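First comes the structure, then the notes that go with it.
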Amino acid sequence: MKRVIVLVALLVVATAASLLIGDVNLGLGALWQGVWGGDGPAALTIRVIRAPRVAVALGAGAALGLSGATLQTLLRNPLAAPDIMGFTSGAGLAILVAITVGLTLPLPLVSAAGGLVAAILVVALAHRPGRATPAATVVLVGLGIGFTTTAIGTFLMTRLPSAGATEAQRWLTGSLAARDWGHACQIWGIGAVLALLLALQVRGLGLLELGNDLAAGLGLRVERTRWMLAATAVALSAAGVAVAGPVPFVALMAGPLGTRMTGAQRPGTRLTSAAAAGAGVMLLADLVARAGIPGLQLPIGVMTGALGAPYLLWRLSREIERGEL
Amino acid sequence: MKRWILLALLFAVAVALSLLLGVRHLTPSDVWQAVTAPDPRNPAHVTLLTIRLPRLAGGLIAGAALGLAGTVMQSLTRNPLADPGILGVNAGAALAVVLGALLLGRADNGIVTVLAFPGAALASVAVFLPGGGLSGDAGPVRLTLAGAALNALLISAVSAIVQFRGEALDILRFWIAGSLASAAERPVAAMSLVALCGAVLALAIAPRLEVLSLGGSLARGLGTRPGIVQAQALLAVTALTGAAVAIAGPIGFLGLMVPPLARRVAGHSLRLELAASVALGAAILLLADTAGRLIFPPAEVRAGIMTALLGGPIFILIARRLKPGAQG
């Protein structure tokens, strides 16, 4: 419990820091005014520019964290995150296609459709009749789907005019630039519904962790529960992608990071800490990306890529030592 | 023997199509006349001599080098998913060239192109150390993910550079997906020498690589020193990949497709497999390049995108076939 409080406190500090630090550094007084509806440039900077961006970062990070932790638990593999298995890049590609073609469907729907198509493809292609599918095969097939979506994305990029290509490049990297309250409401609204849906299934997730046979013996409809959990997780990651782009590695890192920080054991608290850790990683990565090098605003995807890749390499080398994987 | 003849036919067809097809289709007699009696006022001859032939040369060298690099890598790691693109060696070479081009201000400078080699060398060390690839018992998942991580890191670095320098996006578009379109402006002759050195080295160490694939301790017992053979193999991969990237930019997945096909042609001798890889790599790259020219004329789909579109499904096919015991 104490560690959960520490995590929440860290999150609050990171939020305050993100509101205050940027091209123009503000003081705590401005934060006070900004929150309570004062006007003046500092208060407006906070209310119109930074607060929605922070809200989107928190919401998208939490959604990605929840999605990653759910899939990692479900497949019993720390590498089974939506960003490794190509779900987020499928969602991102769907949005890129929609923008290129000029489709007017709401982006969260397009993104969810892309993520689900990628997930279904991964499951269908990894499945071999009459045999159990090892999680490693799912991860590898997911990587292959990721390669294909990346190839299609690169292909679309080269078909776009130069200005459109810059925009598309930014979008495919994952970026939180120019997010407004509309985006924030979108991710928090959709995220809250999906998180509630996930909360209703936490008991099933806990039972599945005991093993499929035992869970079935305890009266759980195993296949149905697995599918529902996977669909919720994919929808969560797609909701994150719809506002932030396919930001790499947040979903991969959030689960293990959250568990490590809070020491949580039960599936419910583990998911909660994964959401908090995802939100924190997203917020800090965005802060460093836009304020780390003065005068240079990097898209957040660059920062999480630079952070997440060494994490993945470290994780791989550690698992070699332990003889896992 | 029959398979060698088929391979030779495939190669000949790929070369012929690459010369004949494009925005302007040529006839075989055009080609013959352009070579025997070139006429500078005949547009068909000019196309052939200034565009198609350099492009063919670039494609031959880059394709052969990448095919060889893939076969050496797969033999070294005993991993059917190893490929210079998937493992991030291409991206390392490309990033080094982009950095050099931005720092020195010129993209097609010979000195800048040479940076592909240290880039490729650093990337292959970076991917093999944490991936555990050199111990020979790294599972495909581990090595492939190490490559994915390295690729993500390098692409982040490239994206960061693009934010610094807006004009870099046009350079970047070339360096993210390779193409043979500007092979004429690149140092093909010099790079073919480097690739030749890499190929000779690969052929020279082939018997010892075969011994190494029996396992480290057995190889030591037979008098092979694993560390040295591995270092030589990495050197060969670096020379081959660096040369290919310098000519064509990063072209992925050739190294994934070539070795299984080469094994079908050549049987179980690694030297013969390497020989088959040369022809197969060149043929596949030329076919991909020609197809890319024909899809949306007059615009081109880059050869690197064509191979990646093909490569994703092939990757999945190979991943599905891995035995559960070989996983992890």
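For chain B, modelled as a GNM whose springs connect Cα atoms under 10 angstrom apart, the maximal fluctuation among B:PRO187, B:PRO84, B:PRO28 occurs at B:PRO28. For region A:144-152, putting each phi into the Karplus relation 6.51 cos²θ - 1.76 cosθ + 1.60 with θ = phi - 60° gives couplings of x, 4, x, 4, 5, 5, 4, 4, 5 Hz, in residue order, rounded to whole numbers and with x for Gly and Pro. Rounded to the nearest 500, the helix-only mean residue ellipticity at 222 nm of chain B stands at -24500 deg cm²/dmol, with each DSSP H run of n ≥ 4 adding -39,500 (n - 2.57).
Placing unit charges on the Cβ atoms only, positive for Lys and Arg and negative for Asp and Glu, gives chain A a dipole magnitude near 540 debye about its Cα centre.
Given their separation in residues at 0.36 nm each and the Cα-Cα distance between them, B:LEU99 and B:ARG320 gain 75.8 nm when the chain is fully extended.
Sequence-distant contacts, meaning Cα pairs under 8 Å at least 6 residues apart, place the relative contact order of chain A at 32 percent.
Shape of region A:2-267 from its Cα gyration tensor (a ≥ b ≥ c, root eigenvalues): rounded if a/c is under 1.5, otherwise prolate when a/b > b/c, or oblate? Here region A:2-267 falls in the oblate category.
The value of relative contact order for chain B, using C-alpha pairs under 8 Å at least six residues apart, is 30 percent. Computed from point charges on the beta carbon alone (+1 for Lys and Arg, -1 for Asp and Glu), the dipole magnitude for the protein assembly as shown about its Cα centre is near 1220 Debye. Taking every residue in A:145-153 and counting other chain Cβ atoms within 10 Å of its Cβ, the average works out to 6. Per-residue packing, averaged as other Cβ atoms within 10 Å, sorts the ranges B:287-293, B:6-12 into the order B:287-293, B:6-12, beginning with the highest. About its Cα centre, the dipole of region B:2-322 is roughly 620 debye, where the only charges are +1 on Lys and Arg Cβ and -1 on Asp and Glu Cβ. Comparing mean-square fluctuations of A:LEU74, A:LEU31, A:LEU236 from a GNM of chain A with C-alpha springs under 10 Å, the top value falls on A:LEU31. Proximity of backbone amide H atoms, modeled 1.01 Å from N, is registered between B:ILE86 and B:PHE253 at under 5 Å, excluding neighbours fewer than 5 places apart on the same chain. Taking the charge dipole of chain B about its Cα centre, with +1 at Lys and Arg Cβ atoms and -1 at Asp and Glu Cβ atoms, the residue from B:PHE253, B:SER213, B:GLN33 reaching farthest to the positive side is B:SER213.
Taking packing as the residue-averaged number of other Cβ atoms within 10 angstrom, the listed peptides B:261-272, A:207-218, A:283-294, A:268-279 run from highest to lowest as A:268-279, A:283-294, B:261-272, A:207-218. A cut-off under 12 angstrom between Cβ atoms defines the neighbours of B:LEU274, and their net charge, with Lys, Arg +1 and Asp, Glu -1, is 0.
Springs join every pair of Cα atoms under 10 Å in this Gaussian network model of chain A, and among A:VAL48, A:VAL122, A:VAL302 the largest mean-square fluctuation is at A:VAL48. Coupling constants for region B:248-264 follow from the phi torsions by the Karplus curve (6.51 cos²θ - 1.76 cosθ + 1.60, θ = phi - 60°), and in residue order they are 10, x, x, 10, x, 6, 4, x, 7, 7, 5, x, x, 5, 4, 5, 4 Hz; glycine and proline get x. Per-residue 3J(HN,Hα) values for region A:250-260, derived from phi via the Karplus relation 6.51 cos²θ - 1.76 cosθ + 1.60 with θ = phi - 60°, read 5, 5, 5, 7, 4, x, x, 5, x, 4, 5 Hz in sequence order (x marks Gly and Pro).
FYI, it's all coordinate maths here, none of it is from the lab. Everything quoted here is computed from the prediction, not taken from an experiment. So basically every Cβ, Gly included, is an ideal-geometry build from the backbone, and we count neighbours across all protein chains shown.
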